[in-house]
Amino acid sequence: MSKPIPDKAEVALEYPDKLYIGTFERSSRFDAHLDETGISLSLQRTGGVELRKSIRMHFHYALFGEILQDLAKTVSKMPPADAEHRNVLREGAKALYRALGAGAGNDRSKKRGAAMSAADPSQMTPEEEVLLLHVME
């Protein structure tokens, strides 16, 4: 199911002899989900034929994991005063972390997933705290 884009996305596709650039703003929609092999992302701009466009991307899990690692390494380049964007990223990372932990299958991880879904950071293990701090850096 697609939902409205809350901010803005810019996409550039560059070939040796062509350049395609597209923007997707609040009137556009997006869909993001996991499938058997990776992460699927689509952006759609609706409207008349001259305005309508879409892009679809698929990243296998190993590549997407590397992307997340690289993002974590560059968080220090975000201005510390940019609390709004930091909070949005932090909440998204927490939601992904909780969802991945909740599906692990053992009783402890199920209890931990329930505790984390209640947004209780005091229930985190030291390992979970370290992982979260790396994502937030």
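Starting at the first residue of segment 39-53, write each ³J(HN,Hα) from the Karplus equation 6.51 cos²θ - 1.76 cosθ + 1.60 with θ = phi - 60°, in whole Hz, x for Gly and Pro.
9, 10, 9, 9, 10, 10, 10, 8, x, x, 4, 6, 9, 5, 7
Provide the FRET efficiency to the nearest 0.05 for the Gln69-Lys8 pair, computing r from the beta carbons and using R0 = 30 Å.
With a Förster radius of 30 Å, E is 0.75.
How big is the dipole moment of segment 34-107 about its Cα centre under a simple scheme where the beta carbon of each Lys and Arg is +1, that of each Asp and Glu is -1, and everything else is neutral? Debye, nearest 20, please.
Here the size comes out at about 260 debye.
What residues have an amide H closer than 5 Å to that of Ser28, excluding those fewer than 5 places away on the same chain, when H is modeled at 1.01 Å from N in the peptide plane?
Amide H neighbours of Ser28, under 5 Å, 5+ apart: Ile5.
Accessible area of segment 1-96 with a 1.4 Å probe: how many percent of it is carbon plus sulfur? It would help to have the intermediate numbers written out before the result.
On the way: 4400 of 7420 Å².
Roughly 59 percent, rounded to a whole number.
Can you work out the Karplus-derived ³J(HN,Hα) for every residue in segment 56-61? Use 6.51 cos²θ - 1.76 cosθ + 1.60 with θ = phi - 60°, whole Hz, and x for glycine or proline.
10, 10, 9, 10, 5, 4
Once R0 is set to 22 Å, what does the formula 1/(1 + (r/R0)^6) return for the Cβ-Cβ distance between Leu51 and Tyr15, expressed as a FRET efficiency to the nearest 0.05?
It comes to 0.45.
Where Rh is the Kirkwood radius over the Cα pairs of segment 1-100, the temperature 4 °C and the viscosity 1.567 mPa s, what D in µm²/s does Stokes-Einstein return? Don't jump to the answer; show the numbers that get you there.
Numbers: Rh = 15.7 Å.
For the chosen part, D equals 82 µm²/s.
Kindly identify segment 8-54 as rounded, prolate or oblate by the Cα gyration tensor criterion: order the square roots of the eigenvalues as a ≥ b ≥ c, call it rounded if a/c is under 1.5, otherwise compare a/b with b/c, prolate if a/b is larger, else oblate.
oblate
The values are calculated or read from the model by the stated rules, or taken from the named source; none is laboratory data. Model, not experiment: these values are computed from the prediction. Reconstructed Cβ throughout: ideal geometry from the backbone, glycine too, with neighbour counts over all protein chains shown. These area figures cover heavy atoms from the full protein model, side chains too; ligands, DNA and RNA do not enter into them. Shrake-Rupley method; radii C 1.70, N 1.55, O 1.52, S 1.80 Å.
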